[in-house]
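Here the structure is laid out as structure tokens; the discussion comes afterwards.
The values are calculated or read from the model by the stated rules, or taken from the named source; none is laboratory data. Just so you know, these numbers come straight off a predicted model, no measurement behind them. Backbone-built Cβ (ideal geometry, glycine too); neighbour counts: all protein chains shown.
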Amino acid sequence: MSDSTGGRHSRRSRDSGDPHDQRGAGTPRGDRRSRNSSSASDSRTPGTRTPRTVAGDGAALVHRQLGPTPVKVVLAIVAVLLLVTGGYAYSAIGRLDSNINQAGGLNLGDQKDGATDILLVGIDSRTDAKGNPLSQEQIDMLRAGEADTTSTDTMILIRIPNDGSSATAVSLPRDSYVDGGDELGNTKLNGVYGGTKFMKKDELEQEAAAEGREPDEKSIDEKSTQAGREALIHSVGNLTGITVDHYAEVGLLGFQMLTDAVGGVDVCLNNPVDEPLSGANFPAGRQTLDGQDALSFVRQRHDLPRGDLDRITRQQAYLASLSNKILSSKTLTDHGMLDRLNKAIESSVTIDSGW
């Protein structure tokens with residue numbers, strides 16, 4: 001059985017304990033035959049086997065040449081409505097363009113290296129895209145604990161050559177050590193955003209106190225968040241040798257909303273999973289996961305043979321299944337589903353202002 005296949009039933013799972021110690025058992029077959037990069041072949045009929053590059057445990061980055069699917073994944077998640085023709089879709093994407101959250105001043109590139117390089121980031125956040133705190137009910141649905149760590153545990157770099165040749169997608173392991181500068185020093189890649197944001201926030205609060213004025217919490221959050229994004233983009237550039245041209249970010253709630261907007265995502269597990277810390281509780285075989293269960297599926301990392309690297313594989317299987325669902329004719333002709341996607345993107349996705 002493959003990672004992403006058609007399914008007939010979904011499962012609920014138990015609430016998470018420690019948000020950072022997710023244990024689990026049972027892996028999708030993709031863990032045996034694919035590693036850090038997502039595959040264009042995932043857009044084929046689910047269940048199709050394809051050869052993939054295998055990385056050793058010490059490999060920081062592994063990639064393979066891809067077809068058009070990475071481009072479709074980006075468009076599907078960030079601007080799926082662009083792919084639809086007709087007056088309804090035109091008006092829908094117009095509303096999305098005016099309402100989606102945008103981040104400026106990120107010191108991005110301009111494709112001078114012959115390709116468009118897109119950094120997709122999944123952030124462990126307890127706020128929506130506009131910085132509004134989630135309700136307690138929403139936090140409980142995430143099964144990820146209470147702490148807002150601002151860790152970027154999912155980072156995918158997509159390179160799309162300007163000459164039209166095959167694109168390449170690389171998942172960046174969160175535990176890769178990078179130079180975080182004088183303040184952070186030698187640190188894990190997933191901590192660059194949050195660490196920089198924390199230090200910038202502390203700096204701005206101290207400035208306000210020294211000047212004898214009340215700190216503007218909203219302004220401080222915006223400036224510190226931008227500093228975190230800039231630092232992550234800079235670190236990814238140093239790690240990969242690539243200049244990031246575009247940036248997209250989605251939080252935990254957005255992940256759940258995008259999944260539910262398309263009616264769930266199809267996966268297939270070789271072994272059953274019953275693991276309370278990640279909330280993963282699934283039988284073996286084909287099944288359709290709702291947003292809550294899909295989040296548990298991609299968050300599980302302990303008890304998998306290669307830990308976080310196998311979690312990366314699960315994330316790729318999820319992305320392939322999600323893009324297949326979004327790009328299907330059933331979705332693209334369903335006005336109600338498009339409206340739900342529109343709402344999910346508006347409330348949970350941030351892109352750079354020049355995109």
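Does residue 248 satisfy being in a helix (DSSP H, G or I), in contact (Cβ under 8 Å) with a residue 40 or more places away in the chain, surrounded by 20 or more Cβ atoms within 10 Å (Cβ to Cβ) and on the phi < 0 side of the Ramachandran plot? Walk me through how you get there before you give the answer.
Numbers: in a helix (DSSP H, G or I): no; in contact (Cβ under 8 Å) with a residue 40 or more places away in the chain: yes; surrounded by 20 or more Cβ atoms within 10 Å (Cβ to Cβ): yes; on the phi < 0 side of the Ramachandran plot: yes.
Criteria not met by residue 248.
Looking at 226, 287, 256, which one is at pLDDT 90 or above, under 23 Å from residue 344 (Cβ atoms) and either of a type in the set (Asp, Glu) or surrounded by fewer than 24 Cβ atoms within 10 Å (Cβ to Cβ) (or both)? Before you say what the answer is, go through the steps one by one.
Details: 226 fails: under 23 Å from residue 344 (Cβ atoms); 256 fails: at pLDDT 90 or above.
The match here is 287.
Would you be able to say whether some residue in segment 245-260 is more than 30 Å from residue 290 (Cα to Cα), under 17 Å from the mean Cα position of the chain (by Cα) and small (Gly, Ala, Ser)?
No - not one qualifying residue is present in segment 245-260.
For segment 107-156, how many residues meet the condition of being modelled with pLDDT of 85 or more, part of a loop (DSSP other than H, G, I, E, B) and surrounded by 19 or more Cβ atoms within 10 Å (Cβ to Cβ)?
Looking only at that region, the number is 3.
Provide a single number: the residues in segment 218-240 that are touching a helix residue (DSSP H, G or I) at 6+ places or on another chain (Cβ under 9 Å) and free of Cβ contacts under 8 Å to residues at least 24 places away in the same chain. Write out each step before concluding.
Taking segment 218-240 as the starting set, the residues that turn out to be touching a helix residue (DSSP H, G or I) at 6+ places or on another chain (Cβ under 9 Å) are 219-221, 223-232, 234-236, 239.
Filter again for free of Cβ contacts under 8 Å to residues at least 24 places away in the same chain, leaving 219-220, 223.
Total meeting the criteria: 3.
Scan segment 163-170 and give yes if some residue there is of a type in the set (Val, Ile, Thr), assigned to a strand (DSSP E or B) and touching a Phe, Trp or Tyr at 6+ places or on another chain (Cβ under 9 Å), otherwise no. Talk me through it step by step, then tell me what you get.
Initial filter on segment 163-170 (of a type in the set (Val, Ile, Thr)): 168, 170.
Filter again for assigned to a strand (DSSP E or B), leaving 168, 170.
So of that shortlist, the ones also touching a Phe, Trp or Tyr at 6+ places or on another chain (Cβ under 9 Å) come out as none.
Scanning segment 163-170 turns up no residue that is of a type in the set (Val, Ile, Thr), assigned to a strand (DSSP E or B) and touching a Phe, Trp or Tyr at 6+ places or on another chain (Cβ under 9 Å).
Restricting attention to segment 208-223, which residues are over 17 Å from residue 351 (Cα atoms) and of a type outside the set (Asp, Glu)?
Hits for segment 208-223 are 208, 209, 210, 212, 213, 215, 218, 219, 220.
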